[in-house]
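**Q** If you scroll down you'll find the structure; I have some questions about it.
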Amino acid sequence: MLDRLFRRRREARAVADFYLTIVAQARLPAFYRDLGVPDTLDGRFDMVVLHVFLVMRRLKGQGAAAADRSRLLFEAMIDHFEKSLMEQGVGDSGVGRRIKTMARGIAGRIEVYDRALADEGGQALEVALDNNVYGTVSEVPPQRLAVMAAYVRREAAGLEAQPLESLMAGEVRFGPPPDAGTD
């Protein structure tokens, strides 16, 4: 019984560390400086969701253990957002309502990104990124959208090439953010 409890704690800690590795990629300054992602709560939220989505997409359809890891990763993200809201001073009564709204928004983004990546030749990914990552920006240069979409496609392919065992062990490798080439 105690072994099971400690195993769950170790698993939760491993997933939390895995999540923080993903967040570190999402928070690289180049996304905000070079690609024009808003360096705001909304912009950072969307970059974290995008990167967690990419990892969850890789885990999808890879068996029960991968599905469990994906669920725990999603829960770690929600827990992190909940703690962030509390640190910002949102009262206990407002946190639950905001988390439900965030969770619905995350689920919608995941669905849109998944469909957009399946649309290989179209502009669906650029539209999804414009609506979400750049949702608070009035005019996004088409070049930036194209570069960000290429980055997302590259990372999705890179994650597909990474061994599932590595991801299950909490190891994830992302490439560097691209230079937008616009200024």
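**Q** When you scan the stretch 27-42, how many residues do you find that are buried (at least 20 other Cβ atoms within 10 Å of the Cβ) and either in a helix (DSSP H, G or I) or of a type outside the set (A, V, I, L, M, F, W, C) (or both)?
**A** Summing the residues that are buried (at least 20 other Cβ atoms within 10 Å of the Cβ) and either in a helix (DSSP H, G or I) or of a type outside the set (A, V, I, L, M, F, W, C) (or both) in the stretch 27-42 gives 2.
**Q** Are there any pairs with C-beta distances below 6 angstrom linking a residue in the stretch 26-41 that is of a type in the set (Asp, Glu) to a residue that is open to solvent by 60 Å² or more (accessible area, probe 1.4 Å), with the two at least 6 apart or on different chains, and if so which?
**A** Close Cβ pairs satisfying both conditions: ASP34/ASP179.
One line per residue, one yes/no per condition, for (1) more than 30 Å from PRO163 (Cβ to Cβ); (2) in contact with an Asp or Glu (Cβ under 9 Å, 6 or more places away or on another chain):
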residue: LYS60; (1), (2): no, yes
residue: ALA64; (1), (2): no, no
residue: ALA67; (1), (2): no, no
residue: LEU73; (1), (2): no, no
residue: THR101; (1), (2): yes, no
residue: ALA107; (1), (2): no, no
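**Q** Out of GLU171, GLU165, GLU120, report the one residue that is at pLDDT 90 or above and over 19 Å from the mean Cα position of the chain (by Cα).
**A** From the options GLU171, GLU165, GLU120, the qualifying one is GLU165.
**Q** Of the residues in the stretch 93-115, how many are β-branched (Val, Ile, Thr) and touching a residue at least 24 places away in the same chain (Cβ under 8 Å)?
**A** Total meeting the criteria: 2.
**Q** I've got another one for you. Do you know which residues across the stretch 156-168 are within 21 Å of ALA16 (Cα to Cα) and touching a helix residue (DSSP H, G or I) at 6+ places or on another chain (Cβ under 8 Å)?
**A** Step one: of the stretch 156-168, the residues within 21 Å of ALA16 (Cα to Cα) are 159, 162-168.
Within the stretch 156-168, LEU159, GLN162, LEU164, LEU167, MET168 qualify.
**Q** Collect the residues in the stretch 59-92 that are open to solvent by 20 Å² or more (accessible area, probe 1.4 Å) and among the charged types (D, E, K, R), keeping them in residue-number order.
**A** Once the filter is applied, which keeps residues that are open to solvent by 20 Å² or more (accessible area, probe 1.4 Å) and among the charged types (D, E, K, R), the stretch 59-92 yields LYS60, ASP68, ARG71, GLU75, ASP79, GLU82, LYS83, GLU87, ASP92.
**Q** Taking only pairs six or more apart or across chains, which ones have beta-carbon atoms under 7 Å, a first residue in the stretch 155-175 that is in a helix (DSSP H, G or I), and a second residue that is of a type in the set (Gly, Ala, Ser) and open to solvent by less than 60 Å² (accessible area, probe 1.4 Å)?
**A** Every condition considered, the pairs that remain are GLU155/GLY175; GLY158/GLY175; LEU164/ALA66; MET168/ALA66.
**Q** Kindly list the number of the only condition in (1) open to solvent by less than 40 Å² (accessible area, probe 1.4 Å); (2) outside any helix (DSSP H, G or I); (3) not basic (Lys, Arg) that fails for VAL48.
**A** The one condition VAL48 does not meet is (2).
**Q** Still on this structure, I have one more. Can you name every residue in the stretch 121-146 that is among the hydrophobic types (A, V, I, L, M, F, W, C), assigned to a helix (DSSP H, G or I) and surrounded by 20 or more Cβ atoms within 10 Å (Cβ to Cβ)?
**A** Result: LEU125, ALA128, LEU129, LEU145.
**Q** Hey, GLY108 hits all of (1) open to solvent by 40 Å² or more (accessible area, probe 1.4 Å); (2) within 14 Å of the chain's Cα centre (by Cα) but one; which does it fall short on?
**A** (1)
The values are calculated or read from the model by the stated rules, or taken from the named source; none is laboratory data. Please read these numbers as outputs of a predicted model, since none were measured by experiment. All Cβ positions, even for glycine, are placed from backbone atoms using ideal geometry, and neighbour counts span all protein chains on display. Protein only, heavy atoms only, side chains kept; ligands, DNA and RNA dropped before computing areas. Shrake-Rupley method; radii C 1.70, N 1.55, O 1.52, S 1.80 Å.
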